[in-house]
Amino acid sequence: MTNLKKILFVNTDLRGGGAEKILVNIVNSFDYSQYEVTVLTIFKEGINREDLNKEIKQEWIFEKPFKGYTRLALLFSPKFLFKRFIKSDNYDVIISFLEGFPSRIVAGCTNPNIKLISWIHLELYENTIGYEFRNKKEAVKCYNKFHKIVSVAKTVQDHFTKCVAIPQDKLEVIYNPLEIDEITTKAEINPYQKIDKIRLVTVGRLNPQKGYDRLVRIMKKLKSDGFDFELNILGMGPMEAELKKYVIDNDLSDQINFLGFQKNPYPYIKHADLFVCSSHKEGYSTVVTESVILETPVITTNCSGMEEILDNGNAGIIVNNSEDALYEGLKNILNANEPLASLQEKTNLRAIFLKNRNSFNQILELIN
């Protein structure tokens, strides 16, 4: 029997976020006749866990999140945490798939025969690089323990290297791999009723980072301007009650629908006229990439990765990252100053390019 290459992925959890979804895509793509794959999460929770291939070993440290776990973990060194939480060092490759605590744990590995890889999904700054580390100095020391640092976009890498001095040969950019056939197949059934107005859609966790508070305020302005539209918001999160209250208080219930978390969001994206991303920050947006693959035009605030996804704005509308700029961009589309038909043609061409890109082969090269 061939000796299997043993790979361990470490992540916080497997909730419904973009990074967690990408992790599942990656681990499900391995040839299990050649690789033994284990996913270790800090917490057991997560809707994406049920999508893991049965061949994948699953482990977790805690059943549920608890208050103060980060502060507690900071009392102990990375070396102690690695020995405590990673029961065996009998791996060929260990991958921290998220910034912060997972990277701090994996950096505690002292076995020189194990290849260590850290994935960076978000733009990190001087004031955020030390998140879930004792301080910036410890973060820099830990990240330098890794053999490779993978950024999900060139802009993410650029921000990282401003904070962490690291040899160039340790750096890689690998875009998030997607299951193209699965996405397009699942998108076929139209979930919407036919309407005679523009249909907007957005998908994401209802938290401050995604900027949905400013998006609903923009919808109020557009309604006051006399525009007719429908916005469907897919997702759950801590801002849900606040957003719903704003919609009711401002008489927007006929314009804005909250559809909750959808296990299959693809039909809602494909059969909309326009995808809207209002985020304050992103890494390399999975859902914006999926929108282009599904040939749904995109308008987005200028976050990390958007220029790479949308070909520097040639295949979608990228506006300054402000409420006013997003309002003006949407107003131009609703006014037909920015024709949707032209935007649709550009999106279709970009979809062909994204469908043909194979990031998983890059990951295999990195591991081997």
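What number of residues in the stretch 137-165 are under 19 Å from Ile105 (Cα atoms) and either assigned by TED's automatic domain parsing to the domain that holds Ile309 or in a loop (DSSP other than H, G, I, E, B) (or both)?
Qualifying residue count, the stretch 137-165: 5.
Could you list all residues from the stretch 221-251 that are surrounded by fewer than 18 Cβ atoms within 10 Å (Cβ to Cβ) and more than 25 Å from the chain's Cα centre (by Cα)?
Across the stretch 221-251, the qualifying residues are Lys221, Lys223, Ser224, Asp225, Gly226, Phe227, Asp228, Lys245, Ile248, Asp249, Asn250, Asp251.
Taking into account only those residues within the stretch 37-48 that are in contact with a strand residue (DSSP E or B) (Cβ under 7 Å, 6 or more places away or on another chain) and surrounded by fewer than 19 Cβ atoms within 10 Å (Cβ to Cβ), which is nearest to Ser88 (Cα to Cα)?
Restricting to residues being in contact with a strand residue (DSSP E or B) (Cβ under 7 Å, 6 or more places away or on another chain) and surrounded by fewer than 19 Cβ atoms within 10 Å (Cβ to Cβ), the top hit is Thr38.
Just one of Asn335, Asn358 is at pLDDT below 95, over 30 Å from Tyr125 (Cα atoms) and not β-branched (Val, Ile, Thr); which is it?
Selected residue: Asn335, the only one of Asn335, Asn358 that is at pLDDT below 95, over 30 Å from Tyr125 (Cα atoms) and not β-branched (Val, Ile, Thr).
Could you identify the single residue in Lys221, Lys263 that is touching a residue at least 60 places away in the same chain (Cβ under 8 Å), closer than 19 Å to Ile317 by Cβ and outside the structural domain of Leu23 (by TED's automatic domain parsing)? Give the steps one after another, and end with the answer.
On the way: Lys263 fails: closer than 19 Å to Ile317 by Cβ.
Testing whether each residue is touching a residue at least 60 places away in the same chain (Cβ under 8 Å), closer than 19 Å to Ile317 by Cβ and outside the structural domain of Leu23 (by TED's automatic domain parsing) leaves just Lys221.
When Ile189 is evaluated against the numbered criteria (1) among the aliphatic types (A, V, I, L, M); (2) assigned by TED's automatic domain parsing to the domain that holds Asn335; (3) in a loop (DSSP other than H, G, I, E, B); (4) within 24 Å of the chain's Cα centre (by Cα), which criterion, by number, is the only one it fails?
Failed condition: (4).
Only one of Leu354, Leu343, Leu349 is in contact with a Pro (Cβ under 6 Å, 6 or more places away or on another chain) and either in the same structural domain as Gly235 (by TED's automatic domain parsing) or farther than 28 Å from Asp225 by Cβ (or both). Can you tell me which?
Exactly one of Leu354, Leu343, Leu349 is in contact with a Pro (Cβ under 6 Å, 6 or more places away or on another chain) and either in the same structural domain as Gly235 (by TED's automatic domain parsing) or farther than 28 Å from Asp225 by Cβ (or both), namely Leu343.
If a residue counts only when it is assigned by TED's automatic domain parsing to the domain that holds Val216 and either surrounded by fewer than 22 Cβ atoms within 10 Å (Cβ to Cβ) or free of Cβ contacts under 8 Å to residues at least 60 places away in the same chain (or both), which strands (runs of 3 or more DSSP E) contained entirely in the stretch 267-329 have at least 3 such residues? Explain how you work it out, then say what you get.
Numbers: elements: 274-277, 298-301, 317-319.
Correct list: 298-301, 317-319.
The values are calculated or read from the model by the stated rules, or taken from the named source; none is laboratory data. What you see is a predicted model; the values in this text were computed from it and never measured. Reconstructed Cβ throughout: ideal geometry from the backbone, glycine too, with neighbour counts over all protein chains shown.
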